Amino acid sequence: MDPSNAEEPRLRHVETDVLIPKMMREKAKERCLQNVDAFNRCCKDAGFFMVFKCREENAALKECLTLHYQDPAFFEECKQEYLREKREFQQTGVPARDRAQRIPTSM
């Protein structure tokens, strides 16, 4: 059976509204790394006045993140990755985050 022709499994509410968006947030932060770093630097340097001094960096970060959050192709990419991880978990019983830790890197 060709997996590309297989019917896509029905996703639960928590998967579409919580788990996949969480994955999207994590990946969007990676894709907006320059903006995240700029905002973090600004906050660190501004201290107490970060609310006033870091508006520009905050706006750029929000814009970058929102661009990804609203992209249907990005949602689909994260959904497919989620489904792949879910299938692997069902087959192995090992969560994706633990899988890399359990594989020996050297003998």
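Each residue, E81 and K22, gets one label point 7 Å from its Cα in the Cβ direction; the gap between the two is 1.5 nm. The calculated P(r) of the stretch 13-92, using every Cα pair and 10 Å bins from 0, goes 18, 37, 26, 15, 4, 0 in percent. Inter-label distance, A60 to Q91: 4.3 nm, where each label sits 7 Å from its Cα along the C-beta direction. Whole-Hz Karplus values for the stretch 68-79 come out as 6, 4, 8, 8, x, 5, 5, 4, 5, 4, 5, 5 Hz, taken residue by residue from phi with 6.51 cos²θ - 1.76 cosθ + 1.60 and θ = phi - 60°; glycine and proline positions read x. 3J(HN,Hα) along the stretch 14-29, derived from phi through the Karplus expression 6.51 cos²θ - 1.76 cosθ + 1.60 where θ = phi - 60°, amounts to 5, 6, 6, 9, 10, 5, 5, x, 4, 4, 4, 4, 4, 5, 5, 4 Hz, with x in place of Gly and Pro.
When each of V36, V14 is scored by the number of other beta-carbon atoms lying within 10 Å, the sequence from fewest to most is V14, V36.
Readers should treat all values here as calculations from the given coordinates under stated rules, not as data from a laboratory. Just so we're clear, the structure is a prediction, and the values are computed from it rather than from any experiment. When we count neighbours, we look across all protein chains shown, and the Cβ atoms used for this are built from the backbone with ideal geometry, even at glycine.
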